[in-house]
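See structure below.
The values are calculated or read from the model by the stated rules, or taken from the named source; none is laboratory data. Just so it is clear, the model here is predicted, and its values are computed rather than measured. For neighbour counting, all protein chains shown are included, and Cβ atoms are generated from backbone atoms with ideal geometry for every residue, glycine included. Remember, those area values only see protein heavy atoms, side chains included, never the ligands or the DNA or RNA. Shrake-Rupley method; radii C 1.70, N 1.55, O 1.52, S 1.80 Å.
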Amino acid sequence: MPRSTTSLPEFSTSVKLKYVKLGYQYLVNNFLAFLLVPVMISVALELIRLGPEEILGLWNSLHLDLIQIMCSVFVIVFVATVYFMSRPRPVYLVDYACFKPPLTCRVPFSTFMEHSRINNKDEKSVRFQMRILERSGLGEETCLPPAIHYIPPTPTMETSRAEAQLVIFSAIDELLKKTGLKPKDIDILVVNCSLFSPTPSLSAMIINKYKLRSNVRSFNLSGMGCSAGLISIDLARDLLQVHPRSNAIVVSTEIITPNYYQGKERAMLLPNCLFRMGAAAILLSNRRREARRAKYRLVRVVRTHKGADDRAYRCVYEEEDSEGISGINLSKDLMAIAGEALKSNITTIGPLVLPMSEQLLFFLSLVGRKLINPKWKPYIPDFKQAFEHFCIHAGGRAVIDELQKNLDLSPQHVEASRMTLHRFGNTSSSSLWYELNYIESKGRMRRGDRVWQIGFGSGFKCNSAVWKCLRTVKTPVEGPWSDCIDRYPVDIPEVVKL
Amino acid sequence: MLLMELLVIISTILLLYSLLSFVWKAFDRWRNQNCYLLEYICYKPSDDHKLPTDLCSEIVIRNTRLSLSDYKFLLKVVVNSGISEDTYGPRCIVQGAREECPTLDDCFEEVNDCMFTTLDELFHCTGVSPAAVDVLVVNISMFAPSPSLTSRVVNRYKMREDVKTFNLSGMGCSASPVAIDLVNNIFKSRKRTLAVVVTSESIAPNWYSGTDRSMMLGNCLFRSGGCSFMLTNDPSLKHRAKMNLKCLVRTHIGADDDAYNCAMQKEDDDGRVGFHLSKNLPKAAVRAFSKNLQRLAPKVLPVGEQALYALRTLRHRLWTSKVVKVDAKSTAAARVNFKSGVDHFCLHTGGAAVIEAVGKALGLTKYDVEPARMTLHRWGNTSASSLWYVLGYMEAKKRLRKKDRVLMISFGGGFKCNSCLWEVLRDLQDGGVWEDCVQDYPPQTLVNPFMDKFGWINEENINTEGRNIPSHINI
């Protein structure tokens, strides 16, 4: 379908345009090949024409002696060394593990509504929660931590720590088992958990449990919202650029226990309906021998912070309601702000990942709008050219819808996000890893595929990471989806009648 | 042959080019390895935040669950703490009497005041615009709202969209070197980067209102304070920088259960959250400290001193046959003269006992520990930012001269011991927050003026007749 060229409105020409577009893409993206192939063919023809004796004669006439050969070899080796040394160290994702919640923590709709009615005396709030749950896109198998199952919920520091230990240790145990890594070999530890930050930190808790070395570099990020997982990856990457031959573990989680809102303010009841228990532990490394068994290589991380704009800053805000109970207030313009933040992120990441054909079109449309006709529609680059898989933070159904519209993605591209929201709910920063595991479990991840992970968070931040797959992931994949992947994808109705 | 000569010329050009680019890259990397401290601004709350001893005891009394022995214990701690009458607390506790139920607004007010006043002055002093900041790190251990405090700063100062923000939390009193480590690592892979770090602590939401003694110490010792500082690796700003980071060593002994549990935020038996300081804390501190020193010594000491240390250790191993029971700290440190490699010591003001113990372990004189003791006296234990107040004292006293080396040592929950060594780049003379009072230091006596009024609490059998004890205190 014609997108940028409004000068050809007839539908009959749209089909021909598609082939023109394809041809153009092939031409521009493989420009170098198109240039060199004729040269190589002509050289080959010339060589064949010359015949073997003449080639031998040409070779002998070069009078190459030992010194000159050695010099040329030395030059080649030297240039190659300088080139390789000046490149940044590659960061490999060796493997990752997600927390699989136990069956006992499941919260089907009926349980959630029943608890809601008992705990919250206000009838309007209960009805509001029911309406949200009906349209949320969540399924019947999402999980809440044990302390929230009590009537009334018991959010103490001890139960919060218990939840943290349950989710984080399960994820790390599985990661260590999968990769065979010894805790003594961990050099860097980055933990991000937005809403629970005890002293000593969760990173100290991990160091204590797994008896990590005393010179481990640990960092505990907090309050950074649902996009904090990618911030931790960015930090780990910066550290791995500086320290050679190191392993870094990144733990992304969200602890629900202390943040269950028990008041009546509607905008603050929303997180109760959407946030669920989850955690992910990721092993990153810059060791060369890990390259052989690593799943992905980190290509790029781009961070965008819209906090300078007051509206964006206030759209996810922790505050106290009129009764003094604190909760997270989600504003109504969340979608619009998410869209704007995404646009900013795209403008930065676009030039770095889009193929030449898209960039040229974007550049031409920009030039055209400035010089020829300002009324031309801005060209939205086709990101499907740059990536095979998309992991969009499962923040809520509306977020996924909005992004699908903005990026012009097909339902298959956002399937991982929707199914993760259905099966696990909004697990905040770890949701991206559940989605990646879904794609792998479906057997869709092939060597050479590129994945784009997009996270949104309070502040307002939009962060994205680009990974390149290094080896085809074979099914069946061990992970949180292993027992239910065959049931997916499911059709999620607009409204589930409760 | 012409072809041959062409080949030789091309390879020579390529060789020269590679050699030059290699040398340039190495030089560039060496130039950008540095981490310069441009400026640091400590927080001075306004006078209506002052928390003198009598007000502190009044606040303590307001807790109706205390018995007389608890009250005695607390007053004893306050009076013997080495803290003066001029330390500061959060407004909601000092004026609002809301220590048991602080609102979110109270917490924000405390944090906003600290962060924004110091940052305003930092940007003003350095002349740097907030839009030029590339990295922002905020570390406040016990308060982490959503959106984070870094977002709060980004919003207030309208920083750029691509600013890298990090909100560190839960890292305890030792968080300053952690933040510096983070920034230093980012500097190593980026050129001409400017970083701002804000370090402070939040007292308002963490006042303990129960009866567990191990948790009440925090109330008596922690005081309001904070610091904002600016770091850069841009060589063109070197002439304006105050100090240059030489090395940084982080040690974490959380693997040991006793060490991990010795400073922990948890609930007491009645379900009230407080910061528990166990009796194992000094032992854990000693272990962490000696481990840190072992890694720090080779980086800090001059070669001669290291050789001497090696010789002494060897002699000790070979000649001492009997097993002597000494703690690791005193043997390791006493045999090493740190003063040969370090001119000034910034010790974390965890308490009078901590300063004394560390001073003794390092073989420091009264002159060396004076900045830390005076900081404890004037500002109390301001947690992570205390190192900067100690540095401010040294600067105000005009002790810091070009080429001097300053060692910062701090301890924190987890259990961590972090240290970093700075080299002073030019003679420093800024008064900073000490400007109005440094001439009164060191004072004649550090004894609390309320010793008389409350001195009776030190007696074993007290006669309560004629003593002003509130009615609800259960005897």
task: Pull out the extension gain between A:L352 and A:Q165, defined as 0.36 nm times the separation in residues minus the alpha carbon to alpha carbon distance; nm, one decimal.
output: 63.4 nm
Å³ per residue enclosed by the Cα convex hull of the range A:251-388: 189
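Share of antiparallel DSSP beta bridges in chain A, in percent to the nearest 5?
Percent antiparallel among DSSP bridges in chain A is about 70.
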task: Assuming 0.890 mPa s and 25 °C, estimate D for the range A:110-166 with Stokes-Einstein, Rh taken as the Kirkwood radius over Cα pairs, in µm²/s.
output: 194
query: For the range A:328-392 and the range A:439-498, what is the separation of their Cα centres, given in Å?
result: 23
For the range A:127-139, Karplus couplings with θ = phi - 60° (6.51, -1.76, 1.60), whole Hz, Gly/Pro x: 5, 4, 4, 5, 4, 5, 5, 4, 9, 6, x, 7, x
- prompt: Which far-off residues, 5 or more places away or on another chain, put their amide H under 5 Å from the one on A:R276, with H placed in the peptide plane?
  reply: A:N426, A:T427, A:S428
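So what is the accessible area of chain A per residue, in Å², with the probe set to 1.4 Å?
Heavy-atom SASA per residue in chain A reads 46 Å².
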Förster radius 51 Å - calculated FRET efficiency between A:N60 and A:R213, Cβ distance, rounded to 0.05: 0.25
Taking only Cα atoms of the protein assembly as shown, radius of gyration then Dmax in Å: 31.6, 123
- prompt: For the range A:111-147, which trypsin sites (Lys or Arg not before Pro) are both in a DSSP coil and crowded by at most 16 other Cβ atoms within 10 Å?
  reply: A:K121
query: Once all Cα-Cα distances of the range B:63-211 are split into 10 Å bins that start at 0, what whole-number percent is in each one?
result: 10, 32, 32, 16, 8, 2, 0
field: In Å, descending, principal axis extents of the Cα set of the range B:45-122
entry: 45, 28, 14
field: Helix B:366-379 vs. chain B, principal-axis angle (Cα, 0 to 90°, nearest 10)
entry: 60
field: Amide H within-cut-off set for B:C247, under 5 Å, with H built and near neighbours excluded
entry: B:L421
query: What is the mean number of Cβ atoms from other protein chains located within 10 Å of the Cβ atom of each residue in peptide A:210-217, rounded to a whole number?
result: 6
statement: Counting only Cβ distances under 4.7 Å between cysteines, those in chain A with no partner are A:C71, A:C98, A:C193, A:C226, A:C273, A:C315, A:C391, A:C462, A:C469, A:C484
- prompt: Along the charge dipole of chain B, which of B:G82, B:L248, B:G218 sits closest to the positive end, that is, farthest toward it, with unit charges on the beta carbon of Lys, Arg, Asp and Glu (+1, +1, -1, -1)?
  reply: B:L248
- prompt: Relative to the Cα centre, what is the charge dipole magnitude of the range A:28-173, using +1 at the beta carbon of each Lys and Arg, -1 at the beta carbon of each Asp and Glu, and rounding to the nearest 20 debye?
  reply: 760
message: I'd like the residues of the range A:298-323 whose 1.4 Å-probe accessible area shrinks by no less than 50 Å² going from the isolated chain to the full set of protein chains.
response: A:R303, A:H305, A:A308, A:Y313, A:E318, A:E320
field: Rg ratio (alpha-carbon, reference 2.2 N^0.38 Å) - chain B
entry: 1.11
- request: Go through the range A:303-396 and name the trypsin sites (Lys or Arg not before Pro) that are in a DSSP coil and have 14 or fewer other Cβ atoms within 10 Å of their Cβ.
  value: A:K332, A:K375
- prompt: Which whole-angstrom value gives the distance between the alpha carbon centres of the range B:1-65 and the range B:343-387?
  reply: 27
statement: For chain A, the percent of all C-alpha pairs falling in each 20 Å bin, from 0 up to the bin holding the max distance, is 20, 48, 24, 7, 1
- prompt: Which of B:L149, B:L51, B:N184 sits closest to the plus end of the dipole of chain B, meaning its Cα is farthest towards the positive end, when Lys and Arg get +1 and Asp and Glu get -1 on the C-beta?
  reply: B:N184
message: Per residue of the range B:306-311, what does 6.51 cos²θ - 1.76 cosθ + 1.60 with θ = phi - 60° give for ³J(HN,Hα)? Whole Hz please, x for Gly and Pro, Karplus curve as stated.
response: 5, 4, 4, 4, 4, 4
statement: Cα extents of the range A:38-124 along the principal axes, largest first, in whole Å, come to 98, 32, 26
message: For the range B:1-87, I need the span (max minus min coordinate) of the C-alpha atoms along each principal axis, in Å, sorted largest to smallest.
response: 105, 27, 21
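Starting from the Cα gyration tensor of the range A:355-421, multiply each eigenvalue by 5, take the square root, and state the resulting semi-axes largest first in whole Å.
Its equivalent ellipsoid spans semi-axes of 30, 14, 7 Å.
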task: Go through the range B:72-89 residue by residue and turn each phi into a ³J(HN,Hα) via Karplus (6.51, -1.76, 1.60, θ = phi - 60°); whole Hz please, and just put x for glycine and proline.
output: 4, 4, 5, 4, 4, 4, 4, 5, 8, 6, x, 9, 8, 7, 9, 7, 10, x
query: Can you pull the Kirkwood radius for the range B:380-443, inverse mean 1/r over Cα pairs, to one decimal in Å?
result: 12.9
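Does the range A:325-477 classify as rounded, prolate or oblate by the C-alpha gyration tensor (a ≥ b ≥ c root eigenvalues; a/c under 1.5 gives rounded; else a/b over b/c gives prolate, otherwise oblate)?
The shape class here is oblate.
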- prompt: Calculated FRET efficiency, A:R297 and A:Q385, Cβ-Cβ r, R0 25 Å, to nearest 0.05?
  reply: 0.80
query: Can you give the angle from 0 to 90° between the axis of helix A:228-242 and the longest principal axis of chain A, with both taken from C-alpha atoms, to the nearest 10?
result: 40
- request: Calculate the length of the line joining the C-alpha centroid of the range B:275-321 to that of the range A:53-121, in whole Å.
  value: 41
Interface B:A - total buried accessible surface [probe 1.4 Å, Å², rounded to 100]: 5600
field: Accessible surface of the protein assembly as shown, 1.4 Å probe, proportion on carbon and sulfur as whole %
entry: 58
field: In degrees, nearest ten, helix B:2-31 long axis to first principal axis of chain B (Cα)
entry: 20
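Take the Cα radius of gyration of the range A:193-303 and divide it by 2.2 N^0.38 Å, with N its residue count; two decimals is plenty. Numbers along the way, then the final one.
Details: Rg = 16.6 Å, N = 111, 2.2 N^0.38 = 13.2 Å.
Dividing the Cα radius of gyration by 2.2 N^0.38 Å gives 1.26.
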